[in-house]
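The values are calculated or read from the model by the stated rules, or taken from the named source; none is laboratory data. Fair warning: this is a prediction, and the values are worked out from it, not measured in the lab. All Cβ positions, glycine included, derive from the backbone under ideal geometry; neighbour counts span all protein chains shown. These area figures cover heavy atoms from the full protein model, side chains too; ligands, DNA and RNA do not enter into them. Shrake-Rupley method; radii C 1.70, N 1.55, O 1.52, S 1.80 Å.
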Amino acid sequence: MITKAYAATDAGQVHYRHVAGDGVPVVLLHRTPVCSSGFDAVLRFFAARGRAAYALDTPGFGASFMPDGAPSAADYGNWLAQALAAIGLTRYHLAAHHTGTHFATEIAAAHPDRVASLTLSGVLLAPADERPKLRADIGHAPDVDADGTYMADTFKLMKSLFLDPAPALVHDEVMGALVSGHGRDLAFDAIFAQDFAAVLGRAIGAGVPVQVVQAADDPLTLNGMLGRLRELHPTLPVTITGPAFLATPERQSGAFARAVLDFAADQPQDIPMTNRRYELVQTPNGYDLARADGPIPVPGEGEVLVRVRAVSLNRRDLGVRDLSYPVNGADHFLPLSDAAGDVVAVGPGVTGWAVGDRVTSTFFQHHPGGRLTLPAVLSSLGAGGPGVFADHVVLAAGGLAPIPDGWTYAQAACLPCAGVTAWSALMTLGRLQKGDRVLVIGTGGVALFAVQIAAAAGAQVIILSSSADKIAKAKALGATDAINYRDTPDWAEEVRKRTGGMGVDHVVELGGVGTLPKSIAALGLNGHLALIGALDGFGGEFSALPLIFSALRVSAVMVGSRADHLELAAFMAQHGITPVIDSTFAFDDAEAAYARANEGAFGKVVIEMGEP
């Protein structure tokens, strides 16, 4: 249960929320303009784990006192430290979000003997010459007027701060801004006048352990400030959560709370089991795969814990390791996006899933369907944020899909990326019809899914490959024709010959720079190019004239939604299709699996997790 109380300081009373528990307590400091209520989900997580925690209202916010004059960030830190002393806390872990990070760092620098660890989320690290403009850009709270225009203007402003505004979050932001307008102005004045880099340097120099836990789409992640922090303190551990924009404690409460507890040296191990995990560790030439076993995570609100039974590799996973696929400088993160396993626990508020359900991950954890959004894109698994290469992983309740009846875990683990990409290319974006002609470039995971889907839908499939053996196997899957591009370098002209001069209706373009112009040349009137791959490198140039005069369509395919995943699974079950698996490896042979995938496997490379 969350209880509320006040603590006295020299300047007034500080209001706080509290959950009882054991261990060195966690102290939470909130962002502007909300108050400590933004940490309610995090507090409930700590309470369920039996961990004591306190969330304080910063002076000027919530029910705390309003400061006089023009307080500095050090003043705020001093008041909050006084409040903690009044509560009776002599040692604590600090975890702070956005505005709170500035005041928490002041506490850590001034009282390193009291601070067991410091977790920062939403780090504003700006040089002195940039800070005045940043402060001016934020502006000040509007004056209260007689007709209530300030209320409407505040609502519009707070709503504009979210890429995908949820009504409850916007409401909390609006109410906080209306109630704490003056407090917000004072706090912003203080943090933009603070030399945050110097204060943080003092805290680190005094021996306070510091980590960063930040949402993938946090504005301070996207605008390069997190990159600055990494350059300044390259050994600082950084955890990237799923998308939350400005509201990590609310939207990623489980990930935030787990990261805080994992970083706390005295964390009690409530579940005494080892979770085998692989992480990617940055080196000058790419990423090394390293074992990084840890405790089994506990799901938070809206989350599900899955016992992973199998994972599969995609071309993207190879690109992450060799730096050809961008991950924004991330380090020490779980790779891979495609997993299948069993639900072993569900977090509070989860409906639709139960212990024992057989599930797969979805590539995007927050893309149920419809138009692709930036938060959806940044919820992809295994590319700097959360991944699935572990015995147990926590996934969003909306980021799972059921396994088709009769399928193995290995088969189900092949769908999320490659399978859904092929489905989106042909069906969702391509609107494939029976009798259409389809050209598929290559024989990798996406390519073979495309062959199977197109053939089952009644299309005529031409496969492009340099291997006679792979061509024969592709024909066994349903390809009706094939061209060896080594024997026939001008394969676009050959495609037109074999289609009576008409060209194909669809090209599943997986080559990239080396094949793009010829793929366009192979298309017939009103044909569709599904632009996916980079086997020969991302990019490529082509003339717009053929697109205009032949009414061609080009779609860049970024995998697909959960709805696409469900439709694909249902289609494959209906037609009796199962994924093509090239080879299967054991958990301990992960490097061999990567090597096989890099050789040009025919179909998917799968790793079966087995038992610890």
Under the Karplus relation with 6.51, -1.76 and 1.60 and θ = phi - 60°, whole-Hz ³J(HN,Hα) for the range 452-461, x at Gly and Pro, equal 5, 5, 5, 4, 5, 7, x, 8, 9, 10
Let me have the 222 nm mean residue ellipticity of the chain computed from DSSP H runs of 4+ only, each contributing -39500 (n - 2.57), with the sum over all residues rounded to the nearest 500.
-9500 deg cm²/dmol
Residue (of THR488, THR515, GLN460) at the positive-pole extreme of the range 370-516, dipole from beta-carbon charges:
GLN460
Between ASP293 and LYS4, what is the FRET efficiency for a Förster distance of 45 Å, r being their Cβ-Cβ separation, to the nearest 0.05?
0.70
Test of understanding: given the chain, find the longest segment containing no trypsin sites (Lys or Arg not before Pro) that are in a DSSP loop and have at most 15 other Cβ atoms within 10 Å.
92-370
Quick one: 3J(HN,Hα) in Hz for the range 203-210, Karplus 6.51/-1.76/1.60 with θ = phi - 60°, rounded, Gly and Pro as x.
5, 5, x, 7, x, 6, x, 10
Between GLN282 and MET502, what FRET efficiency follows from the Cβ-Cβ distance if R0 is 41 Å, with the result rounded to 0.05?
0.25
If the cut-off is a Cα-Cα distance under 23 Å, which lysines reach LYS156, setting aside same-chain residues fewer than 8 apart in sequence?
LYS133
What's the angle, to the nearest 10 degrees (0 to 90), between helix 73-87's Cα axis and the longest principal axis of the chain?
70
Counting all Cα-Cα pairs in the chain, those more than 48 Å apart amount in percent to 21
The chain - charge dipole about Cα centre, Lys and Arg +1 at Cβ, Asp and Glu -1, debye rounded to 20
1080
To the nearest 10 square angstrom, how much accessible area does VAL377 have with a 1.4 angstrom probe?
40
I need the GluC sites (Glu not before Pro) found in the range 553-612, filtered to DSSP loop residues with at most 15 other beta carbons within 10 Å of theirs.
GLU599
Relative contact order (%) - the range 525-612, alpha-carbon pairs under 8 angstrom, separation at least six:
24
Could you tell me the distance between the Cα centroids of the range 342-385 and the range 166-196, to the nearest Å?
31
Straight-line reach from LYS604: which lysines have Cα under 16 Å away, leaving out those fewer than 8 places along the same chain?
LYS470, LYS473
The range 455-612, dipole about Cα centre (Lys/Arg Cβ +1, Asp/Glu Cβ -1), debye to the nearest 20
620
Kindly state, to the nearest 0.05, the FRET efficiency for ARG228 paired with GLN574, given R0 = 41 Å and r defined as their beta-carbon distance.
0.20
Set Lys and Arg Cβ to +1 and Asp and Glu Cβ to -1, take the dipole of the chain about its Cα centre, and tell me which of GLY382, LEU448, GLY356 lies farthest positive.
LEU448
Can you give me the long-range amide H partners of LEU336? Hydrogens built in the peptide plane at 1.01 Å from N, cutoff under 5 Å, separation of 5 or more residues or another chain.
VAL388
So, with +1 on the Cβ of K and R and -1 on the Cβ of D and E, and no other charges, what is the size of the charge dipole of the range 402-545 about its Cα centre, to the nearest 20 debye?
240
Of the convex hull enclosing the alpha-carbon atoms of the range 207-355, the direction-averaged projected area in nm² is 10.2
